[in-house]
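Engineer: Mind looking over this structure? Questions follow.
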Amino acid sequence: MISTRGRYSIRILLDLAEHRSGDYIPMKDMAQRQDISLKYIGKIMPLLKTAGLVDSTHGIGGGYRLTRAPEQYTLWEILQVAEGDMAPVSCLQKDADACQRAAECRTLPVWEKYYALTRDYFSSITLADLLNTPLPDSYVI
């Protein structure tokens, strides 16, 4: 399941993509447009900055902006930053110890395929794709 932090991370980066002009965008502007509390955005932005997804500056004219073009951000990358390891079972997590039951595990192929489908699906969608998606009557992720 994708948490609120994952969904909001996508919305915040999409907002930055939609309003990018080269200038830094204040958090309060993103919070207002996305109807996300400033406090919650304040918890997400350091994660996105540490991962190199956004750049920031303080003071007058300060805020955040994307570090790359929207075409270069996949939802998979964003979700991994926000959610951490997205493996559906612990034995598929990065750097997991080898499972002693893997050789006779009848469910492992199910989890591997589910993980591959999820990874491939979210890797195939960029912020640019979302920007080019026509808006329905209500804009909510």
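The values are calculated or read from the model by the stated rules, or taken from the named source; none is laboratory data. Predicted model only: the values in this text are computed from it and were never measured. Glycine gets a Cβ as well: all are built from the backbone with ideal geometry, and neighbour counts include every protein chain shown. Accessible surface is based on the protein model in full, side chains and every heavy atom, while ligands, DNA and RNA are left aside. Shrake-Rupley method; radii C 1.70, N 1.55, O 1.52, S 1.80 Å.
Engineer: GLY42 - would you say it is of a type in the set (Gly, Ala, Ser), assigned to a loop (DSSP other than H, G, I, E, B) and exposed (fewer than 12 other Cβ atoms within 10 Å of the Cβ)?
Structural biologist: Working: of a type in the set (Gly, Ala, Ser): yes; assigned to a loop (DSSP other than H, G, I, E, B): no; exposed (fewer than 12 other Cβ atoms within 10 Å of the Cβ): yes.
Against the criterion (of a type in the set (Gly, Ala, Ser), assigned to a loop (DSSP other than H, G, I, E, B) and exposed (fewer than 12 other Cβ atoms within 10 Å of the Cβ)), GLY42 does not qualify.
Engineer: Any residue in the stretch 87-98 that's closer than 9 Å to TYR115 by Cα and outside any helix (DSSP H, G or I): show its pairings with residues that are among the hydroxyl-bearing types (Ser, Thr, Tyr) and open to solvent by 40 Å² or more (accessible area, probe 1.4 Å) at Cβ separation under 6 Å, as long as the two are six or more apart or on different chains.
Structural biologist: The qualifying pairs are PRO88/TYR114.
Engineer: Filter the stretch 57-116 down to the residues that are more than 30 Å from HIS19 (Cβ to Cβ) and among the acidic types (Asp, Glu), then identify the one that is surrounded by the most Cβ atoms within 10 Å (Cβ to Cβ).
Structural biologist: Only one residue tops the list, namely GLU112.
Engineer: Does the stretch 47-62 hold any residues that are touching an Asp or Glu at 6+ places or on another chain (Cβ under 9 Å) and either modelled with pLDDT of 95 or more or among the hydrophobic types (A, V, I, L, M, F, W, C) (or both), and which are they? Spell out the reasoning first.
Structural biologist: First, the residues of the stretch 47-62 that are touching an Asp or Glu at 6+ places or on another chain (Cβ under 9 Å): 49, 51, 53, 61.
Residues satisfying the conditions are LYS49, ALA51, LEU53.
Engineer: Kindly indicate which of GLN34, GLN72, GLN93 is over 18 Å from ARG5 (Cα atoms) and in contact with an Asp or Glu (Cβ under 8 Å, 6 or more places away or on another chain).
Structural biologist: Step by step, each of GLN34, GLN72, GLN93 is checked, and only GLN93 is over 18 Å from ARG5 (Cα atoms) and in contact with an Asp or Glu (Cβ under 8 Å, 6 or more places away or on another chain).
Engineer: Condition test on GLU112, is it under 11 Å from LEU13 (Cβ atoms), assigned to a helix (DSSP H, G or I) and not aliphatic (A, V, I, L, M)?
Structural biologist: no
Engineer: Among the residues that make up the stretch 70-77, is at least one of them aliphatic (A, V, I, L, M) and out of contact with any strand residue (DSSP E or B) (no Cβ under 9 Å at 6 or more places or on another chain)?
Structural biologist: Taking every residue of the stretch 70-77 in turn, none turns out to be aliphatic (A, V, I, L, M) and out of contact with any strand residue (DSSP E or B) (no Cβ under 9 Å at 6 or more places or on another chain).
Engineer: Filter the stretch 5-39 down to residues that are within 25 Å of TYR115 (Cα to Cα) and open to solvent by 90 Å² or more (accessible area, probe 1.4 Å), then give me how many there are.
Structural biologist: Within the stretch 5-39, residues that are within 25 Å of TYR115 (Cα to Cα) and open to solvent by 90 Å² or more (accessible area, probe 1.4 Å) number 1.
Engineer: ILE78: in a loop (DSSP other than H, G, I, E, B), of a type in the set (Val, Ile, Thr) and either closer than 19 Å to THR4 by Cα or without any contact (Cβ under 8 Å) to a residue 60 or more places away in the chain (or both), yes or no?
Structural biologist: For ILE78, the condition - in a loop (DSSP other than H, G, I, E, B), of a type in the set (Val, Ile, Thr) and either closer than 19 Å to THR4 by Cα or without any contact (Cβ under 8 Å) to a residue 60 or more places away in the chain (or both) - is not met.
Engineer: Under 6 Å between Cβ atoms, at least 6 apart or on separate chains: pull out the pairs that start in the stretch 110-134 with a residue that is more than 21 Å from GLY84 (Cα to Cα) and end on any residue that is part of a helix (DSSP H, G or I) and among the aliphatic types (A, V, I, L, M).
Structural biologist: LEU130/LEU14; LEU131/ALA17
Engineer: Can you list residue pairs whose Cβ atoms sit under 8 Å apart, with the first residue in the stretch 1-12 being among the charged types (D, E, K, R) and the second being open to solvent by less than 40 Å² (accessible area, probe 1.4 Å)? Count only pairs 6 or more apart in sequence or on different chains.
Structural biologist: ARG5/ILE44; ARG5/ALA82; ARG11/GLN34; ARG11/ILE36
Engineer: Exactly one condition in (1) open to solvent by 40 Å² or more (accessible area, probe 1.4 Å); (2) touching a Lys or Arg at 6+ places or on another chain (Cβ under 6 Å); (3) not polar (S, T, N, Q) is false for ILE2; which is it?
Structural biologist: (2)
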